[in-house]
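These notes concern the structure reproduced below.
Quick note: the coordinates plus some simple rules give every number you see, no bench work behind them. Just so you know, these numbers come straight off a predicted model, no measurement behind them. All Cβ positions, even for glycine, are placed from backbone atoms using ideal geometry, and neighbour counts span all protein chains on display.
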Amino acid sequence: MTSTAPTRQYAEPSETPALLLDGITKTYRSKAGTVDALRGVTHQFARGSFTAVMGASGSGKSTLLQCAAGLDRPTTGAVLLGGVGLQDLSEVELTKLRRQQMGFVFQAYNLLPALTVYDNVALPLRLTGRRPRREVVDQVLAQVGLEGKARRRPAELSGGQQQRVAIARALVTKPAVFFADEPTGALDSSTSRQILGLLREATDLAGQTVVMVTHDPVAAGYAERVLFLSDGLVAGSLDRGTPQQIAAAMSELEER
Amino acid sequence: MFFLSRQTVRRHLPLYAGSFVALAVGVFLLGLAATATAATLAYHGPIADSVLVDLPGGGGVQPHQQRVTLSGADTAGLQVVLSLMAAMSGFITIFVIASTFAFAVAARRREVGLLRLIGATPRQVRRMVLGEALVVALVASLTGAALAQLATPLLLAKASYTDLAPVKLESASPWLPLGITVAIGLVVALLGARSAARRAGRVGPVEALREAALEPPRIGVVRIGFGLVFLAAAIVMLALIRPGTGEAVMPLALFSPMILVISLTLLGPLVVPWIGRLWAIPLVRWTSASGRLARSNVVAAPRRSASLAAPILSISAIAGSMVLSLSFAADASSAIVRDMLTAPIVITAPENAGKLAERIRSTPGVAEADGGISVGIIRADGDSAQLADGEGIDPAVAARTRNLTPITGDLAQLTGKTVAIGKEMASSAHYRVGSEIPVVFADRTKDSLRVVAIVPDGSGVNGPLLVPVELARQHAPQAEPEHWFIQPVDGVEPAQLMGALDRQLTGTGAQVVRAEEWERQQDDGVRKSNQLGLIMLIGPAALYSGIAIANTLLMGSLQRRHEFVTSRLLGATPAQIRRMVLWESTLVGAVALTLGTAITVTAAVLLRHAMTVGMTQVPMTVPWGTLLGIAAVCMVLAVGSALVPTGFILRRSHPSGAVE
């Protein structure tokens with residue numbers, strides 16, 4: 001395991017990382033006491049990289065994703081997306097940044113059941129106040145292999161097809177960063193392969209950055225780098241690992 | 001965002017069906033009140049039957065003329081009832097729309113979170129919810145208005161020739177009233193949807209990733225603040241229901257329950273769990289798990305319990321206090337009749353009985369026969385003129401059959417152009433002994449009367465303006481007394497005299513009755529004319545609240561599909577779940593009815609005290625049948641509309657559905 005413990009190295013100014021986490025911590029307070037979900041995570045995600053975040057349940061991986069995407073505010077530390085500090089933005093500015101720069105894919109497909117496939121994909125464009133161009137939407141639908149399904153509603157599609165709609169919706173705004181939380185969690189292995197292939201394409205062809213939380217070593221195998229999280233800290237990382245290596249690293253981490 | 005609103009409404013049709021029905025019925029009732037009011041405004045009556053009165057003006061009012069109908073056949077009574085009906089419908093509509101929209105938004109918390117996640121700003125989410133409200137409101141308002149237009153002739157036919165409007169009413173042009181109604185419907189819906197929209201705007205994007213939508217445990221400070229303000233207003237209004245407030249006690253007693261309902265609905269999440277806990281004590285003791293579960297559900301979800309209780313509370317408090325207050329008011333007026341009338345025998349004369357005076361007076365044993373002649377007198381103030389019932393009396397005779405001891409002044413001076421007036425009119429128009437009142441008599445002669453005495457109010461026995469009998473005769477030469485109060489000679493038994501009078505008056509159609517019997521007839525008359533107003537007011541409101549109760553409970557139960565299915569998975573039998581829902585809705589119904597009863601009793605008892613202070617022998621009539629009926633209907637609706645959807649869910653789903 002090539003261990004790169006938390007470092008504070010910054011890239012040269014010419015190469016601003018797509019996403020930079022600078023010492024973020026997250027503490028939840030409740031009547032029962034305080035829980036430190038993140039205890040100081042520093043990491044930079046280079047442009048066009050595909051990173052998988054792995055860890056046991058409660059290791060803080062979902063919290064990491066939510067803080068990185070600006071859905072939750074870290075207790076301390078900073079998140080910089082394309083050089084912009086999320087902590088300085090208002091709710092509306094954050095929302096606008098989210099719809100222009102970020103795409104989301106989750107385990108639950110999160111489509112609006114009321115809208116057709118076409119309208120679901122076009123929705124982020126409409127939210128910006130622009131009238132979506134037909135060719136743009138059709139092109140993304142073709143990209144995820146859903147030509148001819150534009151008029152269907154989510155309930156009429158299979159799970160894999162719904163997930164591809166969700167990816168098309170994330171692709172349509174050409175976001176800088178994709179956030180994926182267990183995107184293949186509810187899918188069979190062949191459908192999973194197609195979905196992960198689409199994410200891989202986004203980084204390879206369009207130079208987009210993907211941050212994916214998963215517990216599946218096979219899914220993590222699609223990433224260039226796997227980041228291991230344990231007890232709210234980065235416990236290590238693995239570059240270009242095979243699913244077997246990743247699985248071995250995971251069990252090693254859990255035994256520690 | 002309007003594009004999205006249209007699509008989501010279509011998708012969530014069941015969720016919005018409740019809002020649609022509620023608003024359509026509300027607009028229907030408002031529209032009906034509006035078109036009927038237009039018909040009453042369009043009614044002018046025959047010009048020949050009215051007189052123009054010059055008004056001197058004063059207090060910033062220019063001198064002008066006012067047309068007053070001499071026969072008294074106008075539509076003012078109906079107008080009052082219609083405006084009350086409109087106020088009540090509008091009030092309940094805002095209420096119901098706000099709660100149904102809140103439900104519709106709460107049920108879609110996750111979907112709203114998703115929209116926020118993919119880049120909708122809070123403002124866009126608010127606009128989407130308002131847009132949805134607009135779509136629903138537009139369709140519902142137009143439907144309601146169309147229904148109102150169809151039903152208007154029916155209402156006008158029913159209302160014509162009644163005590164409220166003793167004339168024939170014709171439909172007027174519907175465009176203006178219905179246009180206003182549709183506009184009100186839209187505004188009401190948007191007002192009701194506004195708080196729901198604001199709440200939706202506060203949903204964060206993280207909600208899309210969370211599982212169940214847990215309700216926020218606390219209610220806002222603003223809501224508590226408003227609740228307390230309304231509570232204070234209601235307490236002030238209730239405090240004003242006391243002797244000395246005068247005519248205003250009745251509207252105060254009718255409107256303070258509404259304000260209390262608003263207050264308790266706002267404070268509901270604080271109040272409902274406490275009363276729920278009290279009612280749950282016997283329930284927990286008598287049942288096994290189901291009662292305990294029901295208590296936890298009611299107490300642990302105070303917001304849901306409160307919004308389920310709200311429509312039951314509102315209809316039980318408003319209808320209950322109206323029924324009881326009107327009944328107590330009728331008690332007060334029959335007590336007034338009893339106090340005022342000292343003669344033991346009353347003769348009621350039909351319209352064309354001919355001259356009875358001689359026959360009555362010549363009957364042996366009759367000491368005094370007091371037959372007042374009614375004469376229409378239009379009384380002009382600075383800025384208004386009203387027709388009042390004048391009564392021509394012989395003060396010497398009347399003083400021996402009725403309780404006419406003046407509060408101030410002297411009845412012996414009631415000769416020539418003079419008048420004695422009731423206490424209430426004196427205080428509301430600021431008349432004193434010696435005041436000159438400009439009047440117009442029914443024969444269109446103008447004159448001025450000097451106040452010589454102020455007497456106790458005795459509606460039903462005395463007219464509000466008492467004039468010398470000669471003066472009345474002069475202006476109404478054809479008029480005959482409608483009733484005679486008979487005082488027998490000392491030592492003559494009333495029963496004996498009644499027999500003699502009966503023989504004497506055979507063939508005239510006049511009826512000789514004991515004073516008590518006459519009092520009872522008067523009382524029945526008051527209650528009967530109250531009844532029509534009550535039906536017009538409570539009927540539609542009850543229908544509406546029924547829909548609202550069913551609506552909220554239906555939506556509340558349908559939302560709990562997952563919970564029911566999970567309980568099945570854990571081993572609860574369908575019967576156990578049904579029992580739990582039964583106890584739960586019973587508990588919510590009991591809490592709401594407790595509050596409704598408290599409001600009803602408070603308002604009615606204060607009113608009773610205010611109206612009857614200083615009187616003896618006030619009868620107490622509690623319309624138990626109607627009140628218990630209201631409570632029973634509320635309870636049946638509450639329990640039924642919780643059990644029906646539960647049964648539906650349980651039949652249609654299997655425990656395995658929980659893992660889906």
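Seen through its C-alpha gyration tensor, with square-root eigenvalues sorted a ≥ b ≥ c, segment A:142-223 comes out oblate because a/c lies at 1.5 or above while a/b is not bigger than b/c.
For segment B:396-484, trypsin sites (Lys or Arg not before Pro) meeting the loop criterion (DSSP other than H, G, I, E, B) and having at most 16 other Cβ atoms within 10 Å: B:417, B:432, B:444. With a cut-off of 12 Å between beta carbons, the residues surrounding residue B:577 carry a summed charge of +4, where Lys and Arg count +1 and Asp and Glu -1.
Using C-alpha pairs below 8 Å separated by at least 6 residues, the relative contact order for chain A is 28 percent. Charge tally for residue A:166 (other residues, Cβ to Cβ under 13 Å; Lys, Arg +1; Asp, Glu -1): 0.
For segment B:447-519, a simple Cβ point-charge model (Lys and Arg +1, Asp and Glu -1, everything else neutral) yields a dipole of about 220 debye relative to the Cα centre.
For residue B:278 and residue B:224, FRET efficiency with R0 = 22 Å and r from the beta-carbon atoms, rounded to 0.05? With R0 = 22 Å, the Cβ-Cβ based efficiency is 0.50. Less than 5 angstrom separates the built amide H of residue A:235 from those of A:228, A:229, A:230, all sequence-distant by 5 or more or on a different chain.
Taking the number of Cβ atoms within 10 Å of each Cβ as an exposure proxy, the fewest-first ranking of B:381, B:523 is B:381, B:523.
Sort segment A:24-104 into rounded, prolate or oblate with this rule: let a ≥ b ≥ c be the square roots of the eigenvalues of the Cα gyration tensor; rounded if a/c is under 1.5, and if a/c is not under 1.5, prolate when a/b is larger than b/c, oblate otherwise. Oblate, since a/c reaches 1.5 and b/c is not below a/b. With contributions of -39500 (n - 2.57) from each DSSP H run of at least four residues, the per-residue ellipticity at 222 nm computed over chain B stands at -21500 deg cm²/dmol.
Fewest-first ordering of B:480, A:252, B:111 by other beta carbons within 10 Å of each residue's beta carbon gives A:252, B:480, B:111.
So what's the angle, to the nearest 10 degrees on a 0 to 90 scale, between helix B:122-159 and the longest Cα principal axis of chain B? Taking the Cα atoms of chain B, the angle to B:122-159 is about 30 degrees. When shorter helices are ignored and each DSSP H run of at least 4 residues is given -39500 (n - 2.57), the per-residue value for chain A at 222 nm works out to -10500 deg cm²/dmol. Once the Cβ-Cβ distance of residue B:194 and residue B:138 is raised to the sixth power relative to R0 = 22 Å, the FRET efficiency obtained is 0.85.
The C-alpha atoms of chain A define a longest principal axis, and helix A:189-206 lies at about 90 degrees to it. Each of B:161, B:544, A:118 was scored by other Cβ atoms within 10 Å of its Cβ. Listed from fewest to most, they are B:161, A:118, B:544. Compared with the dominant Cα axis of chain A, that is its longest principal axis, helix A:134-143 is turned about 60°.
Cross-linked pairs B:417/B:528; B:168/B:417; A:61/A:96; B:355/B:423: Cα-Cα separations exceed 29 Å for B:417/B:528; B:168/B:417; B:355/B:423. Can you give the net charge of the other residues whose Cβ lies under 15 Å from the Cβ of residue B:464, counting K and R as +1 and D and E as -1? Neighbourhood net charge equals -3.
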